[in-house]
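Structure first, then comments.
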Amino acid sequence: MKRSPNFSRLIVLTTAIGVSLFFIQCRQSDPQLGKASVKKVISAMTLEEKVALVVGKGMNMGGVEEDTTSGGTVIGNIEDLVVGAAGTTVPIRKYGITPLVVADGPAGLRISPTRENDPSTYYCTAFPVATLLASTWDVDLIKQVGEAYGNEVHEYGVDILLSPGMNIQWNPLCGRNFEYYSEDPFVSGKIAAAMVNGIESQGVGTSIKHFAANNQETNRRTVDAIVSERALREIYLEGFRIAVEESQPWTVMSSYNILNGTFTSESHDLLTKVLRDDWGFKGFVVSDWFGGVDAVKQMKAGNDLLMPGTPFQVERITEAVQNGTLDESIIDQNAERILNIILESPRFNKYEYSNKPNLEQHAKIARQAGAEGMVLLKNENNTLPISSEVKTIAAFGNTSYDIIIGGSGSGDVNEAYKVSLVEGLKNAGYSVDKGLMDVYSNFIKEERAKIPPPANAVEAMRRGDGTVAEMQVKASLAKQMAEKSDMALITIGRLSGESSDREVEGNFKLTDDEMTMVQEVSKAFHAKGKKAIVVLNIGGIIETASWKSYPDAVLLAWQPGQEAGNAISDILTGKVNPSGKLTATFPASYVDVPSSDIFPGIELPDAEPIDWGENPLANFFSSTMREAIYEDGIYVGYRYYDTYDVEPAYEFGYGLSYTQFDFSNLTLSTKDFDNSISVSVEVTNTGDVAGKEVVQLYLTAPAEKLEKPSKELKGFAKTKLLEPGETQIITIELNERSLASFDTASSSWIAEKGTYEVKVGSSSRNIKLTDTFTLADELVVKKVTKALIPEIDINEWSKK
């Protein structure tokens, strides 16, 4: 990697600064953090010390760094307090300031499982991916999962988990959709708040990310997401607002992308006006790793901590203060926010972490959550649960044997084991055809041997465990298996992750070999009067309309974590009754997706390229500007499909059960809205087996002043496990905010006067009960700052 002439000098300088900060002895006159006030500590600190605090300690990149003078680090004197963590802040011991250790963790804590000259292991639980967790629609369960996450963070000596991810699933091709919860901001916000509250109940922090409008991986560092004020407030920021107000995460991570002309990490509108002034955020903002360009602008914007930290950032910030272009009071404020969180951290409070979290118990929680977030998409003639007559199963598809438990990149986890689907079936008492198993095992082994090793640590992280192309299944093999097995199981697998997006052909759509496999296996087993089931082992939405008629049942298993095979088998066998519901629409065709013409924007070759300056990873970054104009406005997901009557393959909120539920006695606490209203409904299990149902409340609002979607989700609740014949009353509260939409002209959330229709059902298109109430006069629910105005006029998108 090419270096500037001053690179080696800066390495030496930064190392010297680090040594002086680490080892200088406390003087009696130095105020101590925790004993003296934070402001007093800051007032005693030198500029050098304060700047060191707001810039991280560097990062070991494992082979990316070519400059031998730095020992393979980018950039500075890092210290592996927890091996494999994402980074640390600088300790300044003279004031009793301890470092913060931060680590990745969208699906579980990501640290190294082994350490040099250490026989112990440090595995973490690979929990189900975020999309699956959201598909449970169960905030109590999510909080329980968060408590398990947080315990591992705590016991392994990490202070802050860089999670949860909660960007909107704007387009099904986004490579990191598995890290995010939903196409709907209400679901995203409520699930994220439950997760944050669970994790932080264990005495550690979180970092909700990526703030904001980081809805693609293609040119993620150079894309300018141009979004209307209304769409930003109602769709892309609303989930973050809910999470901030209902859980107060320790930190928020700014994203890589540009938003309405400004890098998010350099946006005062986003990080100060919206996040702090409008929402009352109390923690600190951390940049995504090597995010943004201008360290001084980041400080001014309110991006308090720059990670992983470079000497160039130290130099630029220091120079700006010394020449008067950056007021030192801004650095004081940023440092104060960081110190306030350090005061709460386990390391500062001298927690004696054990390195021995209860992994066995956490695996049980992962298995439970995995099963409860799976969505039964099709179940013709009660194919599932598997009949007691079925003893032998023919398992087709690579991921029946090499299951994908989570995505790649920073969302990956170093787990002790993973349970394949065939192992789960065996654990459940089924016999899986050994001959077919050997064929697949040999094929996968041979294909993997052809894959060249990753060139460096960055490529290795992006690639993850990798996958190989699906094995061809000829009609003869399908017929042979149909002769000797009682049932066919076909898995379709997809792996995606950080830094790249998916393709329509061969990823969103099935490949030709996958389509042939589904058709031939289904045909062969049906000819023998036997069933064929498809299991979708995927992290993001795929096309199903062209093939879903072939199998008898389709189970959306998502990527269920390390207990994957056991959790899937729990559903297939009926040990667990499926109760998951979709948090994103499955379109019938990619062209039906409202952002299909937009995603992932267009390159702007004539635009001035971004100058990454002295960023040590500049050679890894594209400099070509890209622009994505969010012409779909507020019509994202079901807001579009339901408003414009576009038929999906499976609608938002959809999911089948092995039992049936009846909704009755919809009751509103008042017909004239005044501050709040309670909506109650009775849910009865009218089937033959115990099960859970999700009650979804949608609201259709008056649209005289502002254009509105046909309906919007405003509340949800999951029942307990209802026995056959059992009834539970579900009550959902609506408040003034539930009625409000964002009025750009007045920069206010307003609720229009008129009649509101309450729609209660089990999906956005399966509305079972309706009622109405009236708002007598328009309400200005909240006026907010004027912020994030796009440079171009974006007309709200309408159906072409």
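The values are calculated or read from the model by the stated rules, or taken from the named source; none is laboratory data. As the structure is a prediction and not an experimental result, all values here were calculated from the model. Glycine gets a Cβ as well: all are built from the backbone with ideal geometry, and neighbour counts include every protein chain shown. When the accessible area is computed, the model is the full protein with side chains, heavy atoms only, and any ligands, DNA or RNA have been set aside. Shrake-Rupley method; radii C 1.70, N 1.55, O 1.52, S 1.80 Å.
Go through the stretch 327-347 residue by residue and tally those that are in a loop (DSSP other than H, G, I, E, B) and either at positive phi or open to solvent by less than 70 Å² (accessible area, probe 1.4 Å) (or both).
Here the count works out to 4.
Could you tell me which of the residues SER622, SER595 is open to solvent by 30 Å² or more (accessible area, probe 1.4 Å), hydroxyl-bearing (Ser, Thr, Tyr) and either touching an Asp or Glu at 6+ places or on another chain (Cβ under 7 Å) or modelled with pLDDT under 95 (or both)?
Among SER622, SER595, only SER622 is open to solvent by 30 Å² or more (accessible area, probe 1.4 Å), hydroxyl-bearing (Ser, Thr, Tyr) and either touching an Asp or Glu at 6+ places or on another chain (Cβ under 7 Å) or modelled with pLDDT under 95 (or both).
Check whether at least one residue in the stretch 113-132 is open to solvent by 10 Å² or more (accessible area, probe 1.4 Å), in contact (Cβ under 8 Å) with a residue 12 or more places away in the chain, aliphatic (A, V, I, L, M) and at negative phi, and report yes or no.
no
Of the residues that sit in the stretch 779-800 and are open to solvent by less than 50 Å² (accessible area, probe 1.4 Å) and under 28 Å from the mean Cα position of the chain (by Cα), which one is modelled with the lowest pLDDT?
TRP797
Collect the residues in the stretch 348-377 that are over 24 Å from the mean Cα position of the chain (by Cα) and buried (at least 19 other Cβ atoms within 10 Å of the Cβ), keeping them in residue-number order.
Listed by number, the list holds a single entry, PHE348.
Of these, ALA751, ALA745, ALA776, which one is of a type outside the set (S, T, N, Q), exposed (fewer than 14 other Cβ atoms within 10 Å of the Cβ) and under 33 Å from the mean Cα position of the chain (by Cα)?
ALA745
Residues checked against (1) under 28 Å from the mean Cα position of the chain (by Cα); (2) at pLDDT below 90; (3) surrounded by fewer than 17 Cβ atoms within 10 Å (Cβ to Cβ); (4) assigned to a loop (DSSP other than H, G, I, E, B):
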site: ILE568; (1), (2), (3), (4): yes, no, no, no
site: ILE571; (1), (2), (3), (4): yes, no, no, no
site: THR583; (1), (2), (3), (4): yes, no, no, yes
site: PRO605; (1), (2), (3), (4): no, yes, yes, yes
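Here is a yes/no grid of residues against (1) of a type outside the set (Phe, Trp, Tyr); (2) under 29 Å from THR121 (Cβ atoms):
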{"position": "THR325", "(1), (2)": "yes, no"}
{"position": "GLN333", "(1), (2)": "yes, no"}
{"position": "ILE341", "(1), (2)": "yes, no"}
{"position": "TYR351", "(1), (2)": "no, yes"}
{"position": "ASN355", "(1), (2)": "yes, yes"}
{"position": "GLU360", "(1), (2)": "yes, yes"}
{"position": "ARG367", "(1), (2)": "yes, yes"}
{"position": "LEU376", "(1), (2)": "yes, no"}
{"position": "GLU380", "(1), (2)": "yes, no"}
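Could you list, in sequence order, the residues of the stretch 635-663 that are out of contact with any Lys or Arg (no Cβ under 6 Å at 6 or more places or on another chain) and hydrophobic (A, V, I, L, M, F, W, C)?
Of everything in the stretch 635-663, those that are out of contact with any Lys or Arg (no Cβ under 6 Å at 6 or more places or on another chain) and hydrophobic (A, V, I, L, M, F, W, C) turn out to be VAL636, VAL646, ALA649, PHE652, LEU656, PHE661.
Can you tell me which residue is farthest from ILE341 (Cα to Cα) among those in the stretch 133-168 that are among the charged types (D, E, K, R) and crowded, with 24+ Cβ neighbours inside 10 Å?
ASP138
Looking only at residues in the stretch 184-212 that are in contact (Cβ under 8 Å) with a residue 60 or more places away in the chain, assigned to a loop (DSSP other than H, G, I, E, B) and open to solvent by less than 10 Å² (accessible area, probe 1.4 Å), which one is nearest to GLY239 (Cα to Cα)?
Residue satisfying both the conditions and the ranking: ASP184.
Is it fair to say THR392 is surrounded by fewer than 22 Cβ atoms within 10 Å (Cβ to Cβ) and in contact (Cβ under 8 Å) with a residue 12 or more places away in the chain?
Details: surrounded by fewer than 22 Cβ atoms within 10 Å (Cβ to Cβ): yes; in contact (Cβ under 8 Å) with a residue 12 or more places away in the chain: yes.
The answer is yes for THR392.
Name the one entry in ARG241, ARG276 that is within 20 Å of ASP184 (Cα to Cα), open to solvent by 20 Å² or more (accessible area, probe 1.4 Å) and of a type in the set (Lys, Arg).
ARG241
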